[in-house]
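Each value in this text was obtained by applying a stated rule to the coordinates, not by laboratory testing. Just so it is clear, the model here is predicted, and its values are computed rather than measured. Quick reminder, even Gly has a Cβ in these numbers, built from the backbone with ideal geometry, and neighbours come from all protein chains shown.
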Amino acid sequence: MTKTGNSLTGKSLGAQILGLTRKQFFIPIAALLALVVFNLIADPSFFEIKMGQNSAGDPVLSGYLVTIFDNASELVILAIGMTLVTAASGGQDISVGAAIAIAGSVMLRILCGPDGKAAELQAPIIVAFIICCLVAMLFGAFNGALVSYFKIPPMVATLILFTAGRSIAAWINNNQLPIVNDISFSYYGNFFPGIPVPTPIFIAVACMIVIALVLKFTNLGLYSQTVGINPHAARLNGLNPEVIKLITYIILGLCVAVAGFIKVSRFSTINYSVIAKDIEMDAILAVALGGNSLGGGKFNMAASIMGAYVIQFLTTTLYKFNVVSSALPAYKAIVVIILVVLSAPIVREKISRAWKKTTSKSAKEVA
Amino acid sequence: MDEGVILQMTGICKYFPGVRALQNVDYTLRRGEIHALMGENGAGKSTLIKVLTGVYPKDGGQIYIEGTEGEAHIRSPQDAQNIGISTVYQEISLCPNLTVAENMFIGRTKSAITNWKDMNAKAGKLLDDLQIPVKPTQQLDSCSIAVQQMVAIARAVDMECKVLILDEPTSSLDEQEVEKLFKLMRDLKAKGVGIIFVTHFLDQVYEVCDRITVLRDGGLVGEYVIEDLPRVKLVSKMLGKELDDMASIKDEEEKVKSNEDTETILEAKGLASNAGIKPFDFYIKKGEVNGFTGLLGSGRSECVRAIFGADHVTSGKVFMHGRQVRIHRPIDAMKNGIGYLPEDRKQDGIVSELSVRDNIILAQQVMRGFFRPFTRKQAEEIAQKYIKLLDIKTASSDTPIGQLSGGNQQKVILARWLFTDPAYLILDEPTRGIDIGTKVEIQKLALKLASEGKSVTFISSEIDEMLRTCSRLVVMRDRKVVGELDGADLNQNKVMATIAGGEEK
């Protein structure tokens, strides 16, 4: 302890900054700061939060910041599961968008009944939600089994559901578009009457608390990291790498169910081909932006969550500046490439070497 | 160069940072000769091969090859191939999803267009010549490992090689497959090819080779005609112990004697696994330190892995304290109070990116269960205790274990198993690649555990070390248990004679 204290005081400011850049949080926080500064300069009104009223006459908060936190909710929840899957299996699940379509479709099927036109709820929302969770976990287990027991690379294994998921979702409701008429269902994706903060924010925060507790009070973190880093050693220490990989996919399934619930609640209906489109790529990016290795192993959950918010911040910023939605992915790709390249160890090493050179040179010049 | 010599290496030196991997090694290969290159781990065999094939540049010495004027300059594997040196590695480096013919000619046609008919015909002829039982159009992974190995050799031979290097080609073959391979080697020998044969199996050397060159610790021990070097001599050359001056280094006081009356902790009957060991019997008593000995690849590790459930057990029974137990997976063994420090620290032991602390608590944590993690504070206390106890040199308990030196990594793994408080601890090569001071510490620790009433199985390539720590040795050769030594038989002469086998007196 004393040693680190001494070395800290002994270091120059430059070295301290250099040390900071090596921290896992550096990239997402730096990206966030850059976005904040950009928006401050371009249009400070970006950060305004206003109290308004919605169509029902309830007080609600509005503003870009609220939108960011609201819209990032599904992504944050998925990033949690994706981080675990990445850590344990060294690969990513690309079927989460399609799986959200399935989860949402199951939910609506139960709430609206077979013809999809029922005026009132056919089952309590909680029942529908539980069944939706079970189905999504089942699909997660399907992916997980392919990856862990059949040793299929995660991207390939989940490609199956990625391709088939949306048509399965449509098939569940006979390709109809059920609409939930009960207003109480929309509370979960919008606002509860009298509460000015969007409900998805609460749900996302709840998920973060749950995962924090799980990581603290179980060995999920230790096991999934051990399996991801060295499956041989994991096995010789009594772990079952297959089961642990499977569990992470089932947890991701649960995350998918929660995200799907929010998504269908936002509109009280579903559009099979559009719902949660491309969200899998954002979820994977969130993990990468958080500085986690996509090859598996050690992870930092908080950094992944931070990464998810950064991505949503970026998306909303681009919308604000009237980037057409069809051009959005291209802009996003540019920013993401910069961030990912900057966070690559090989680049960081070069930067830190170049930094050292310049500082030592300037030191000599001073002398 | 003398008549009949096709390859001559003289005074070869190779240095790695801090290590002299090769020091003045000579090697001579004659036409139509199978010449074994022998030595224990770290002797420099593979470094020599890599220098010869251009994988590593040499730091000194000359290589001459027949047909090339003056010194041969081999800067890359491509150079080596061009002057007629072909290599077949232990791991088959062919493409499993191409056909046999494609594998034989891949990357060798100059034109972009392949004449399939021509290629298959050529391949067929070559395979016939070498009497390899395979069709050229067959997909490679549908062939047995032996045939794949032979296809690799056929590919090498067709490149008109003068020198063929076989680097442990038999380690994954069964007896019949080995026979086939030997036949092929003899045929090639008759055709005048010089073969460098690297293997750990003594029987195979005596079956097929004409000459032996022995290396030890990067230096040349000597070149011998096979008739002049009986097995026992070969083993003593490899291990660096002269048979005559072998004063026993046994220290009776330090040694823990097993008592006939004490309880048998573990007994295995007819145990065999899918790792290719012959069924074996084994027992260990309370407070005993015993060991498996034998040359590398003789099946020492496979035996203890079978006991721990690390490999898939195919037959046999295991009894603990007289009661039969079922050990399918490592966790079953751990729950029965067995600990296992694996041979390959990097691949099977450390979880490199995790902290020293996590690495220490790992095994015990798994036994405690998923829902009962140690708190950060508990884990830290445990880690500090063992860091102090075993004198582990690490910046902090937060340091990733991958950043520690080999010896300290090994101590962390040792701490991991000590923390599980096992009744029976298996230490597989715990002292490999670590400094002498730590070696002694680990040996002492094994003896101390035994004096506390625990049982320890100790495996080491160094016979000295085994004699110093063990009171009973199980001797293995070619994946079989071939003897058991204790009491007065525990001396280097006897151990080496048993390891060598064949010519026992």
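Listing for the model above:
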read-out: Reachable lysines from A:K356, criterion Cα separation under 19 angstrom, eight or more residues apart if same chain; value: A:K11, A:K23, A:K364
read-out: Over 30 Å between alpha carbons, listed pairs B:K122/B:K191; A:K245/B:K444; B:K135/B:K346; value: A:K245/B:K444; B:K135/B:K346
read-out: Span from the the stretch B:341-375 Cα centroid across to the the stretch B:424-481 one, whole angstrom; value: 22
read-out: 3J(HN,Hα) from dihedral phi, the stretch A:82-88, Karplus parametrisation 6.51/-1.76/1.60, rounded to Hz, x for glycine, proline; value: 5, 4, 5, 4, 4, 4, 7
read-out: Added length on full extension, which subtracts the Cα-Cα distance from 0.36 nm per residue, A:L138 to A:V156; value: 4.7 nm
read-out: Whole-Hz couplings from phi, Karplus 6.51/-1.76/1.60, listed for the stretch A:100-108; x for Gly and Pro; value: 5, 4, 5, 4, x, 5, 4, 4, 5
read-out: Under 19 Å from the B:D203 label point (7 Å along Cα→beta-carbon), backbone N, the stretch B:279-294; value: B:279-281, B:293-294
read-out: Anchor A:K117: aspartates and glutamates whose Cα lies under 12 Å away (excluding residues fewer than 8 positions away in-chain); value: A:D182
read-out: Gaussian network model of chain A, springs between alpha carbon atoms under 10 Å - residue of A:G295, A:G165, A:G144 with greatest fluctuation; value: A:G295
read-out: The stretch B:326-333 - phi-based ³J(HN,Hα) in whole Hz, Karplus 6.51/-1.76/1.60, Gly and Pro as x; value: 9, 10, 9, 9, x, 4, 4, 5
read-out: Counting DSSP beta bridges with both ends in the protein assembly as shown, the antiparallel % (nearest 5); value: 55
read-out: The stretch B:132-199: C-alpha gyration tensor shape, a/c 1.5 cut-off, then a/b vs b/c; value: oblate
read-out: Structure-based [θ]222 nm, the protein assembly as shown - -39500 (n - 2.57) summed over DSSP H runs of at least 4, per residue, nearest 500; value: -15500 deg cm²/dmol
read-out: In Å, descending, principal axis extents of the Cα set of the stretch A:171-227; value: 47, 37, 12
read-out: Förster radius 41 Å - calculated FRET efficiency between B:K191 and B:Y283 (Cβ-Cβ, nearest 0.05); value: 0.20
read-out: Where the Cα pairs of the protein assembly as shown fall when distances are cut into 20 Å bins, in %; value: 12, 34, 34, 17, 3, 0
read-out: Where N is the number of residues in the stretch B:349-421, Cα Rg divided by 2.2 N^0.38 Å; value: 0.98
read-out: Residue order, fewest to most surrounding Cβ atoms within 10 angstrom, among A:L40, A:L328; value: A:L40, A:L328
read-out: Percent RCO, i.e. relative contact order, over chain B, from Cα pairs under 8 Å lying at least 6 residues apart; value: 15
read-out: Pairwise FRET efficiency - B:S144 versus B:T114, Cβ, R0 = 35 Å, nearest 0.05; value: 0.85
read-out: The stretch B:5-229 - Kirkwood radius from inverse mean 1/r over Cα pairs (Å); value: 18.1
read-out: Proxy reagent accessibility, fewest Cβ within 10 Å first, across B:F16, B:F419, A:F139; value: B:F16, B:F419, A:F139
read-out: Cα-Cα over 20 Å, subset of B:K335/B:K385; A:K216/A:K298; B:K162/B:K183; B:K385/B:K411; B:K286/B:K494; B:K45/B:K183; value: B:K335/B:K385; B:K286/B:K494; B:K45/B:K183
read-out: Sorted by Cβ neighbour density within 10 Å, fewest at the top, the residues B:E381, B:E66; value: B:E381, B:E66
read-out: Separation in nanometres of the label points that stand 7 Å from Cα toward Cβ, at A:I126 and B:E3; value: 10.0
read-out: The stretch A:150-203 shape via C-alpha gyration tensor axes, a/c threshold 1.5; value: oblate
read-out: Three-way shape call for chain A based on the alpha-carbon gyration tensor, with the a/c threshold at 1.5; value: oblate
read-out: Two-site FRET efficiency, B:Q347 against B:M367, from Cβ-Cβ distance with R₀ of 30 Å, rounded to 0.05; value: 0.85
read-out: Amide H partners (placed H, <5 Å) of B:G61, local residues excluded; value: B:C13
read-out: Peptide-level mean, for B:338-347, of C-beta atoms on other protein chains within 10 Å; value: 2
read-out: Antiparallel content of DSSP bridges confined to chain B, in %, to 5; value: 55
read-out: Antiparallel DSSP beta bridges within the stretch B:5-229, percent to nearest 5; value: 55
read-out: Residues in the stretch A:75-102 that a label on A:I49 would reach, taking backbone N under 20 Å of a point 7 Å out along Cα→Cβ; value: A:75-77
read-out: Cross-link partners of A:K320 among lysines (Cα-Cα below 19 Å; sequence separation of 8 or more within a chain); value: A:K50, A:K332
read-out: Isotropically averaged projected area of chain B, using the convex hull of Cα atoms (one quarter of hull area), nm²; value: 26.9
read-out: Fluctuation leader among A:A56, A:A333, A:A101 - chain A, Gaussian network, Cα springs under 10 angstrom; value: A:A56
